[in-house]
Amino acid sequence: MKGKNLNANLELFLIHIDAINDTLPMTMLLIQPYSIKAADDFMHFLKNNVEEIEDENGTKRMMVKIEESKIFESLENNASISALAGKIIPESLFVSLISQYDAFVNRLLRAVFEIKPELLNGSERNLTFSQLVELKSLEEAREFIIDKEIDTVLRKSHSEQFDYLEKLLCIKLREKLPIWQTFIEITERRNLLVHCDGTVSNQYIKNCSENKCVIEGCKVGSKLVVTNEYFDIAYKCLYEISVKLTHTLWRKLIKEDLEEADSELNNICYNLINSKAYGLADILLSFGREQKDHFNESVKNIFVVNAALSKYLQNKKEDSKLILEKKDWSASSIEFKLAYEVLSDNYENAYLIMNKIGNKGDVNKSAYKEWPLFSKLRKESKFKETYMAIFAEEYTVLETPMRPLQELISKEIKKDKELKAKTTRKIRVKKITKELKE
């Protein structure tokens, strides 16, 4: 696989932004109780220890006893620091997302020049005589030129980087890319946060307006923040644009890698479905289905089935059906016929096909346990009976380890339910006690 470095770069980027994306809610869940406590402690102190007086001019002031002034300062400081943490942490992690993207572009360009070294022939980078003397070989000179070329590109704006790639490879990268405006806005907001503490500048307005970004009501001097919802939009935008960019270049540069490229793109989409990231899965599966060339019809069918599956798992069954019905499945292999019946809720037909496939077919025990296609079917008693008949063993649920974020959220939900249950019990006890007294 000649495009292994392209694929490795994408995998590295995605796992990094996944880690950052998980870090934000985990961190906020941990600091939120302490932030609330700091604010409550300060408000409690103000209520019980601070007196508000009005001078002869009608100006109201807070009065604190001298012996309590240090406590006042400490509590005020604690509340301020905790409140700032809720602002600084999302902003810092947001900036880290863009930094990871910049590193991704660095490695992407290096991989492109490794695949097509002749692309450097048009480079305007020059070597001085002294630099030539220091370099020991042609290979070192080539690496030196690549470093200079990449450094120059990375100093450009994110929009100009796309201009560079389009010119270098004679390819249009922004066609059918509705996320482009979002991409430009988040990279411009990153610049504001790094250089201006989020204060809107003329440059931000200009660059966003030129790219038709939606920034209604945004004025020079106003402050931009990073909410949880905005952070999620930025994460998904970078995820989408990195996958599309990598796979567009991969197919352009190495046509003989089509089998591997299709397989890796399908793996990304499958993992998104498994993670219940259906929005991203829908976008990238649509991208996969719309490719002009696929390695073979079977690979194309996988994109179609997974696209329908993603909609099905979102209970968008009409959308799922529309995707399925665009293709005639009668001549397809038996595993695709099984998928069609399951997604069409024709469970009886699905059981017949399961028996026909048997215990030595392409759909094995692991597939029945892991493939999200069977997530609803597994709840049916007849599925378990059919599984038993095929494999001569009882169906057991395969428990996959949760990501740390999922585990933390599950614990918080459990704690919340337990707290509500305790509160409900207390209310019931009070009610019963009151009724008994009456």
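Summary table below
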read-out: Qualifying residue in the stretch 52-64 (condition: loosely packed, with under 13 Cβ neighbours inside 10 Å and either assigned to a helix (DSSP H, G or I) or at pLDDT 90 or above (or both)); value: no
read-out: Qualifying residue in the stretch 113-121 (condition: modelled with pLDDT of 90 or more, out of contact with any Asp or Glu (no Cβ under 9 Å at 6 or more places or on another chain), assigned to a helix (DSSP H, G or I) and acidic (Asp, Glu)); value: yes
read-out: Any hit, the stretch 320-332, residues being in contact (Cβ under 8 Å) with a residue 60 or more places away in the chain and within 22 Å of residue 367 (Cα to Cα); value: no
read-out: Breaking point among (1) touching a helix residue (DSSP H, G or I) at 6+ places or on another chain (Cβ under 8 Å); (2) assigned to a helix (DSSP H, G or I); (3) without any contact (Cβ under 8 Å) to a residue 40 or more places away in the chain, for residue 264; value: (3)
read-out: Check on residue 282, without any contact (Cβ under 8 Å) to a residue 40 or more places away in the chain, assigned to a loop (DSSP other than H, G, I, E, B) and among the acidic types (Asp, Glu); value: no
read-out: Some residue of the stretch 226-248 being farther than 22 Å from residue 178 by Cα, outside any helix (DSSP H, G or I), assigned by TED's automatic domain parsing to the domain that holds residue 180 and among the hydrophobic types (A, V, I, L, M, F, W, C); value: no
read-out: Only one of 343, 313 that is within 17 Å of residue 274 (Cβ to Cβ) and touching a residue at least 40 places away in the same chain (Cβ under 8 Å); value: 313
read-out: Residues of the stretch 339-366 satisfying the condition of being over 31 Å from the mean Cα position of the chain (by Cα) and part of a helix (DSSP H, G or I); value: 341, 347, 348, 349, 350, 351, 352, 353, 354, 355, 356, 357
read-out: Cβ pairs under 6 Å, 6+ apart, first in the stretch 4-20 and in contact (Cβ under 8 Å) with a residue 60 or more places away in the chain, second in a helix (DSSP H, G or I) and among the small types (Gly, Ala, Ser); value: 5/111; 6/111; 9/111; 13/242; 20/96
read-out: Qualifying residue in the stretch 20-36 (condition: over 28 Å from the mean Cα position of the chain (by Cα), assigned to a helix (DSSP H, G or I) and either in the same structural domain as residue 166 (by TED's automatic domain parsing) or of a type in the set (D, E, K, R) (or both)); value: yes
read-out: Residues that are crowded, with 16+ Cβ neighbours inside 10 Å and in a helix (DSSP H, G or I), drawn from the stretch 165-180; value: 165, 168, 169, 180
read-out: Hey, residue 287 over 29 Å from residue 396 (Cα atoms) and either aliphatic (A, V, I, L, M) or without any contact (Cβ under 8 Å) to a residue 60 or more places away in the chain (or both) or not; value: yes
read-out: Candidates 51, 91 - the one that is of a type in the set (D, E, K, R) and over 32 Å from the mean Cα position of the chain (by Cα); value: 51
read-out: Criterion violated by residue 319 - all others in (1) closer than 24 Å to residue 12 by Cβ; (2) in contact with a Lys or Arg (Cβ under 9 Å, 6 or more places away or on another chain); (3) in a helix (DSSP H, G or I) satisfied; value: (1)
read-out: Number of positions in the stretch 191-208 that are more than 26 Å from the chain's Cα centre (by Cα) and assigned to a helix (DSSP H, G or I); value: 5
read-out: Options 343, 338: the member that is aliphatic (A, V, I, L, M), touching a Phe, Trp or Tyr at 6+ places or on another chain (Cβ under 6 Å) and under 21 Å from residue 378 (Cβ atoms); value: 343
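The values are calculated or read from the model by the stated rules, or taken from the named source; none is laboratory data. Note that the structure is a prediction, hence the values are computed from the model and not measured. Glycine also receives a Cβ, built like all others from the backbone with ideal geometry; neighbour counts cover every protein chain displayed.
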